[in-house]
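Visitor: The structure under discussion is supplied below as structure tokens; questions concerning it will follow.
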Amino acid sequence: MVPMIIIVMGVSGSGKSTIGEGLATRLGQPFIDGDSLHPAANREKMAHGIPLDDTDRQPWLEAIVATMDEHRERGEALVLACSALKRRYRDFLRGGHDDVRFVYLHASHALLVERLGHRSGHFFDPSLLDSQLATLEEPSAEEAFRVEVGSTPAETIERIVRALVCAVEE
């Protein structure tokens, strides 16, 4: 069986890093936060409340694909956190590979605002949430497993694990 690459996606504040890291631990797989692969210029823009455009995101998406390819070459599975807001970004990340699974973390606007209000030490300016929501092209059920967030991270992770096991068995 080919090792799976799981991309935990959603807007800022949805829990990508928390759920992704917990999922990776639960599955015994490495975890990479896609935010760590942003070029410095992207981080600077977001820290100043300037939304990224497709041109800004392209080098970041290429760095994520290169990281995924490194894990594939080593025969390793991977859990990755990445906003993957547009379908074309997800298509680019998938790159025709059958080993990529997307998990879409969905949360209400109120919950996202609350979470971002409590977060500190992150370069993302919370004022960019509405820009991300406007950019988001929600994935279809065929494209990603959708998880409504709001329960504990442990409960969310177990729901994802059950869904992934069912998907692999099909």
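Visitor: Return the pairs, sorted by first residue and then second, in which the second residue is surrounded by fewer than 17 Cβ atoms within 10 Å (Cβ to Cβ) and in a helix (DSSP H, G or I), the first residue lies in the range 128-139 and is in contact (Cβ under 8 Å) with a residue 40 or more places away in the chain, the beta carbons are less than 9 Å apart, and the residues are 6+ apart or on different chains.
Guide: Close Cβ pairs (under 9 Å, with a partner that is surrounded by fewer than 17 Cβ atoms within 10 Å (Cβ to Cβ) and in a helix (DSSP H, G or I)) amount to Leu129/His109; Leu129/Val113; Leu133/His109; Glu137/Arg87; Glu137/Arg88; Pro139/Arg87.
Visitor: Next question, about the same structure. Is it the case that some residue within the range 59-77 is surrounded by fewer than 19 Cβ atoms within 10 Å (Cβ to Cβ), touching a residue at least 60 places away in the same chain (Cβ under 8 Å) and charged (D, E, K, R)?
Guide: Among the residues of the range 59-77, at least one is surrounded by fewer than 19 Cβ atoms within 10 Å (Cβ to Cβ), touching a residue at least 60 places away in the same chain (Cβ under 8 Å) and charged (D, E, K, R), which makes the answer yes.
Visitor: Follow-up question, since we're still on this one. Looking at the range 118-151, which of its residues are open to solvent by 70 Å² or more (accessible area, probe 1.4 Å), modelled with pLDDT of 75 or more and not in a helix (DSSP H, G or I)?
Guide: Those that are open to solvent by 70 Å² or more (accessible area, probe 1.4 Å), modelled with pLDDT of 75 or more and not in a helix (DSSP H, G or I): Glu137, Glu138, Ala141, Glu142, Phe145, Arg146, Glu148.
Visitor: I'm trying to understand the selection: among the residues of the range 28-58, which are surrounded by fewer than 18 Cβ atoms within 10 Å (Cβ to Cβ) and either among the small types (Gly, Ala, Ser) or assigned to a helix (DSSP H, G or I) (or both)?
Guide: Residues satisfying the conditions are Gly28, Ser36, Ala40, Ala41, Arg43, Glu44, Ala47, Gly49, Asp54, Thr55, Asp56, Gln58.
Visitor: Scan the range 78-98 residue by residue and report those that are assigned to a loop (DSSP other than H, G, I, E, B) and open to solvent by less than 20 Å² (accessible area, probe 1.4 Å). Before the answer, list the steps.
Guide: Within the range 78-98, the first condition is being assigned to a loop (DSSP other than H, G, I, E, B), and the residues that meet it are 82-86, 95-98.
Cys82, Ser83, Ala84, Leu85 - these are the residues of the range 78-98 that are assigned to a loop (DSSP other than H, G, I, E, B) and open to solvent by less than 20 Å² (accessible area, probe 1.4 Å).
Visitor: So if I check each of Asp53, Asp99, which one is in contact (Cβ under 8 Å) with a residue 24 or more places away in the chain and more than 15 Å from the chain's Cα centre (by Cα)? Full working, then the answer.
Guide: On the way: Asp53 fails: in contact (Cβ under 8 Å) with a residue 24 or more places away in the chain.
Only one candidate passes the filter, namely Asp99.
Visitor: Can you tell me which residue in the range 35-87 is nearest to Ile157 (Cα to Cα), limited to those that are in contact with a strand residue (DSSP E or B) (Cβ under 8 Å, 6 or more places away or on another chain) and of a type in the set (Val, Ile, Thr)?
Guide: Val79
Visitor: If I filter the range 7-20 for residues that are surrounded by fewer than 16 Cβ atoms within 10 Å (Cβ to Cβ) and assigned to a loop (DSSP other than H, G, I, E, B), do I get at least one hit?
Guide: Taking the range 7-20 as the starting set, the residues that turn out to be surrounded by fewer than 16 Cβ atoms within 10 Å (Cβ to Cβ) are none.
The answer is no, given that none of the residues of the range 7-20 is surrounded by fewer than 16 Cβ atoms within 10 Å (Cβ to Cβ) and assigned to a loop (DSSP other than H, G, I, E, B).
The values are calculated or read from the model by the stated rules, or taken from the named source; none is laboratory data. Worth saying up front: this structure is predicted, and the values here are computed from it rather than measured. Positions of Cβ are backbone-derived with ideal geometry, glycine not excepted, and every protein chain shown enters the neighbour counts. Please note that ligands, DNA and RNA were not included when accessible areas were found on the heavy atoms of the full protein model with its side chains. Shrake-Rupley method; radii C 1.70, N 1.55, O 1.52, S 1.80 Å.
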